[in-house]
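Below is one structure, written out as structure tokens; comments come after it.
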Ligand code: GKR
Ligand code: MG
């Protein structure tokens, strides 16, 4: 008999974040996440983590009671919980945290992904098997991650905000210094620079400086759709042979397709292929060569494997997108990445930027990789004191319960307006 779900606990938290700059604004001092604990009739607890902004928390609160009485093996039924309603919530990709447009179904899938991860964790613990074994087994023992570089301020403009160890990064020298720190921190063997912050020629100069300092490291630049087709073409011509791909250089499928056709530059996305109905138009137009899956948005670890199979069938590369996240999500990403045969690029992760976590043994990167554990379940344990502390912060700071990079920018510049699209 499969273990049956008897309780689901949802804990919204706020985690400290650095003042990282992107096309839309800057990160707030704290970012919301939602931690899921799912308990079975034999007392085993499985863990999940997902986005924690108010619309996610509201949906999770509606869906959680529906899990009670379901077997932890009912992964397909969990994925379909309350499926069917797909309405556009926001067509501004900045509002969605630069993860493409936001629909009711993406919010639902982000919640069921955390339920699925928790069910797999609980089931694995009960069977004495790692999550990757429940996904068909690992095909690698280490998962490579890229060092995710951001332009950033030295500190948040908000008084009493958390400090970080990384310093100011506002020019090519700063980017190279940051890459050196990332190298010392986790031995990363490839780098991604978040762009769309400064005029493109400055960001191209930063990539060229990185290529000189790290000639063996594959590089990527991601302006989150912030460039016009003309700007993107110029950048693609300047960086051909220097980056392994450009990520979301422009915001529209037709413009991405035209850019690739004219320049041959490989293009990756976590913005124009973010849901099943977006695959066909983008693939038909050959607008993208590498899809960056976010297991939260796609509805879980099995859904990520399904996406990988579709990408393989269409000759597209697959790797992973990341937003601000903690160790439960990193564990989930690592287990599923370990099972995907055609994982052609190092995965993205924000994890090095997070100075706090809700797991007892935070992950460390060695040579830019995370070892794939064979410990049962996800192979991590919840630090209940940390969870309580970060939840107490969530209770104390209601104004920061939604990620809002524009509001954070307005603390420094009250007249700040988010750029029209495209920014450059
Ligand atoms: O955290 O500023 C950020 C990133 O820009 C994030 O929001 C994106 O979703 O990292 C992501 C990306 O690759 O586009
Ligand atoms: Mg991206």
task: Being within 13 Å of ligand 1 (Cβ to nearest atom) and touching a strand residue (DSSP E or B) at 6+ places or on another chain (Cβ under 8 Å) is the filter here, so list the residues in region 10-31 that pass it.
output: 15, 17, 18, 19, 20, 21, 22, 26, 27, 31
Flag for residue 318 being surrounded by 21 or more Cβ atoms within 10 Å (Cβ to Cβ), under 25 Å from residue 126 (Cα atoms) and assigned by the TED database to the domain that holds residue 184: no
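Residues are listed down the side, and each one gets a yes or a no for (1) within 25 Å of the chain's Cα centre (by Cα); (2) in a strand (DSSP E or B); (3) at negative phi:
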{"residue": "178", "(1), (2), (3)": "yes, no, yes"}
{"residue": "181", "(1), (2), (3)": "yes, no, yes"}
{"residue": "184", "(1), (2), (3)": "yes, no, yes"}
{"residue": "207", "(1), (2), (3)": "yes, no, yes"}
{"residue": "210", "(1), (2), (3)": "yes, no, yes"}
{"residue": "224", "(1), (2), (3)": "yes, no, no"}
{"residue": "232", "(1), (2), (3)": "yes, no, yes"}
{"residue": "238", "(1), (2), (3)": "no, no, yes"}
{"residue": "257", "(1), (2), (3)": "yes, no, yes"}
message: If a residue must be in a strand (DSSP E or B) and within 22 Å of residue 203 (Cα to Cα), how many such residues does region 259-292 contain?
response: 5
- prompt: Which condition breaks for residue 242 when tested against (1) farther than 21 Å from residue 101 by Cα; (2) away from ligand 1 (no atom under 16 Å from the Cβ); (3) buried (at least 19 other Cβ atoms within 10 Å of the Cβ)?
  reply: (3)
field: Pairs where the first residue, in region 201-215, is farther than 14 Å from residue 180 by Cβ and the second is in a helix (DSSP H, G or I), C-beta under 7 Å, 6+ apart
entry: 204/235; 204/238; 204/239; 205/172; 207/239
Boolean, residue 256 is within 16 Å of ligand 2 (Cβ to nearest atom), buried (at least 24 other Cβ atoms within 10 Å of the Cβ) and either closer than 19 Å to residue 227 by Cα or not assigned by the TED database to the domain that holds residue 230 (or both): yes
field: Residues (surrounded by 23 or more Cβ atoms within 10 Å (Cβ to Cβ) and part of a loop (DSSP other than H, G, I, E, B)) located in region 186-201
entry: 188, 195, 196, 197
statement: Matching residues in region 325-354 (in contact with a strand residue (DSSP E or B) (Cβ under 6 Å, 6 or more places away or on another chain) and over 15 Å from residue 145 (Cβ atoms)) number 1
- request: Check whether at least one residue in region 279-293 is without any contact (Cβ under 8 Å) to a residue 24 or more places away in the chain and within 21 Å of residue 23 (Cβ to Cβ), and report yes or no.
  value: no
- request: State all residues of region 407-424 that are surrounded by fewer than 15 Cβ atoms within 10 Å (Cβ to Cβ) and out of contact with any strand residue (DSSP E or B) (no Cβ under 8 Å at 6 or more places or on another chain); if no residue qualifies, say none.
  value: 413, 414, 415, 417, 419, 420
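Looking only at helices (runs of 4 or more DSSP H) that fall completely inside region 44-153, which ones have 2 or more residues that are assigned by the TED database to the domain that holds residue 387 and surrounded by fewer than 20 Cβ atoms within 10 Å (Cβ to Cβ)?
Details: elements: 54-63, 75-80, 104-127, 131-134.
So the answer is 54-63, 75-80, 104-127.
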message: Take residue 183 and tell me if it is farther than 18 Å from residue 22 by Cβ, in the same structural domain as residue 320 (by the TED database) and within 15 Å of ligand 2 (Cβ to nearest atom).
response: no
query: Would you say residue 266 is farther than 27 Å from residue 405 by Cβ and within 16 Å of ligand 2 (Cβ to nearest atom)?
result: yes
task: Would you be able to tell me the number of residues in region 247-289 that are within 12 Å of ligand 1 (Cβ to nearest atom) and touching a strand residue (DSSP E or B) at 6+ places or on another chain (Cβ under 6 Å)?
output: 4
- prompt: Looking at residue 204, is it under 26 Å from residue 419 (Cα atoms) and surrounded by 23 or more Cβ atoms within 10 Å (Cβ to Cβ)?
  reply: no
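Using the structure shown, decide if residue 6 is in a strand (DSSP E or B) and either modelled with pLDDT under 95 or more than 16 Å from ligand 2 (Cβ to nearest atom) (or both).
In short, yes.
The values are calculated or read from the model by the stated rules, or taken from the named source; none is laboratory data. These figures come from a predicted structure and were not determined experimentally. Reconstructed Cβ throughout: ideal geometry from the backbone, glycine too, with neighbour counts over all protein chains shown.
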